[in-house]
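The values are calculated or read from the model by the stated rules, or taken from the named source; none is laboratory data. All of these numbers come straight from a predicted model, not from anything done at the bench. With ideal geometry, Cβ positions are generated from the backbone for all residues, glycine too; neighbour counts draw on all protein chains shown.
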Amino acid sequence: MALRATGMSGWRWLWSVLVGLFLSEISIAQEPLVRFELSVPSMGSNLDMVVYAQTGQQAKSTMDAGLKEIDRLSLILSNYDSESEISKLCNQSSQDPIVVSEDLGRVFKHSQRWNRLSEGKFDITVGRLSQIWRASRKQKQLPLQSEIEEARLRCGWRMLRFDPEFANTAEVTTPTKVQMLVPGMQLDVSGLATGYILDRAFEEMIATGCSSILINAGGDIRVGDPPPERDGWRVVVAGLGKESPPLSSRLIRNCAVTTSGDLYQFVEIDGHRYSHFIDPHTGSPIERRQSVTVFAEAALDADAGATALAILGIERASALFETLPLNEVVFMQSDSSNSDVIRMRHFLK
């Protein structure tokens, strides 16, 4: 009734309110994005986050969403936490089928996918061998051949049974149950767990409304939209040695990048250099010095791809690259006859 009594002046008042609200929305939308950073220990390494947001509270909410998801999935996938789901699965004494969480089932699914893509070189069932050679690196002493042979009897996808079973097709189903047919098996999902966790954390952070995001977990990197007024996030491809200058740098957006190498995880015994990469076909570590940097749409594929290619070697990596869900690879490898000679290949789609 009051609006009618004011006549046209009332309509002018209503119009001014609506225009004011509209301009207010524009003002909020045009607030400049500010860079916020966070660095915390996580997943056995250092975790760095960068978020561009309008307010500190918005940035905190985005980072908290990512950290919450990382903590949740670490309790499922960490091979270094005795209370994690994967550790409890490996430590159970029964050979009966065990119900697994949806996330662990997905990790098994992608592990099997990459096992097929890599001609069997990517293999999460080599956990027992990984334990033996990890102890060898610490003690600087080769394991007994009998230990290696005994461990190999507990490795291989044939030792696992899934429900539902993986079909012999390109489409791999997600299992809900797993059965380890041999006692003493150890499953090591570290070759793709970090990538899987980063992808899920990235999704949770994007859902808060921020899109200009970077997550870096010890060199496994997932990025979203570039920072304001930038064409991308700048990443550096390192050289093969500790003192080597950076090989190159590039701008990336809405993708992932991972580097795998033996720069810090190796041991020299009797003139041989043993890395932490285990060849499931021989039961022994890769001896060549190398570094593999992989760019992919998903962090999981970058993570698994870098591990698989490092074990395959530069020649098989070159032959298989077009069949893999990877965008770009920079592969550096020491020559087998002269470790001072470095071979490099650049694969790009």
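Quick look at the numbers
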{"read-out": "Residues located in segment 93-108, provided they are in contact (Cβ under 8 Å) with a residue 24 or more places away in the chain and either of a type in the set (F, W, Y) or in a loop (DSSP other than H, G, I, E, B) (or both)", "value": "S93, Q95, D96, P97, V100, S101, F108"}
{"read-out": "Leading residue by the ranking (modelled with the highest pLDDT) among those in segment 23-60 that are part of a strand (DSSP E or B) and polar (S, T, N, Q)", "value": "S39"}
{"read-out": "Which listed residue, of V257, V267, is more than 26 Å from P325 (Cα to Cα), of a type in the set (A, V, I, L, M), surrounded by 14 or more Cβ atoms within 10 Å (Cβ to Cβ) and in contact with a Phe, Trp or Tyr (Cβ under 7 Å, 6 or more places away or on another chain)", "value": "V267"}
{"read-out": "Residue match in segment 200-212 (condition: exposed (fewer than 15 other Cβ atoms within 10 Å of the Cβ) and touching a strand residue (DSSP E or B) at 6+ places or on another chain (Cβ under 8 Å))", "value": "no"}
{"read-out": "Within segment 70-110, considering residues that are closer than 28 Å to P41 by Cβ and among the basic types (K, R), the one modelled with the highest pLDDT", "value": "R72"}
{"read-out": "Wholly enclosed helices (runs of 4 or more DSSP H) of segment 115-229 bearing at least 1 residues more than 22 Å from the chain's Cα centre (by Cα)", "value": "127-139, 145-152"}
{"read-out": "Near pairs, Cβ below 7 angstrom, 6+ apart or cross-chain, from segment 149-173 (at positive phi) to any residue that is modelled with pLDDT of 90 or more", "value": "G156/T125"}
{"read-out": "Residues (basic (K, R) and outside any loop (DSSP other than H, G, I, E, B)) located in segment 246-276", "value": "R250, R273"}
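Each row is one residue, and each column tells you yes or no for (1) at pLDDT below 95; (2) closer than 26 Å to V107 by Cα; (3) surrounded by fewer than 20 Cβ atoms within 10 Å (Cβ to Cβ).
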{"site": "S291", "(1), (2), (3)": "yes, yes, no"}
{"site": "P325", "(1), (2), (3)": "no, yes, yes"}
{"site": "M332", "(1), (2), (3)": "yes, no, no"}
{"site": "D340", "(1), (2), (3)": "yes, no, yes"}
